[in-house]
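Structure first, commentary second.
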Amino acid sequence: MVKAGLLGAVVLAALAGPGWAAQDPTAPFGWQAPAQTKSVVRARLPQLQAVVCGGPGGCLAILNNAPVALGERISGYTLADIREGTVTLSRGEKRWRLEVFADDIKTND
């Protein structure tokens, strides 16, 4: 009879265990854990180091120390236009014009 009672207590403890983990027993009465928010990670605008023109491939832009041709993508941005000293990047409906020696970035909305 004692073994049956012990077995019953073990079964009840095993079934009740997962319920204890659902709530912190040391939390104040009525306390709710804050909802977790998802942070949106946006890719940084690539840095333009140089524009190289000539040769059979036309012009290349050096963005983030990597050669990028017209229409190629880098960090989620598409190289939309290459001109001497400037490039235009696009992502979605937005466009950015980068200059090789620019102090600030110009946005073409």
Return the residues of the stretch 82-105 that are open to solvent by less than 80 Å² (accessible area, probe 1.4 Å) and either touching a residue at least 60 places away in the same chain (Cβ under 8 Å) or in contact with a strand residue (DSSP E or B) (Cβ under 7 Å, 6 or more places away or on another chain) (or both); say none if nothing qualifies.
82, 85, 86, 87, 88, 89, 90, 96, 97, 98, 99, 100
Restricting attention to the stretch 30-81, and to residues there that are open to solvent by less than 70 Å² (accessible area, probe 1.4 Å), among the β-branched types (Val, Ile, Thr) and over 12 Å from residue 98 (Cα atoms), which single residue is farthest from the chain's Cα centre (by Cα)?
68
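Can you name the residue in the stretch 25-74 that is among the small types (Gly, Ala, Ser) and at pLDDT 90 or above and is also nearest to residue 95 (Cα to Cα) among such residues?
In this case the residue turns out to be 71.
The values are calculated or read from the model by the stated rules, or taken from the named source; none is laboratory data. The model shown is predicted, which means the values in this text are computed figures rather than measured ones. All Cβ positions, glycine included, derive from the backbone under ideal geometry; neighbour counts span all protein chains shown. These accessible areas exclude ligands, DNA and RNA; they are computed on the full protein's heavy atoms, side chains included. Shrake-Rupley method; radii C 1.70, N 1.55, O 1.52, S 1.80 Å.
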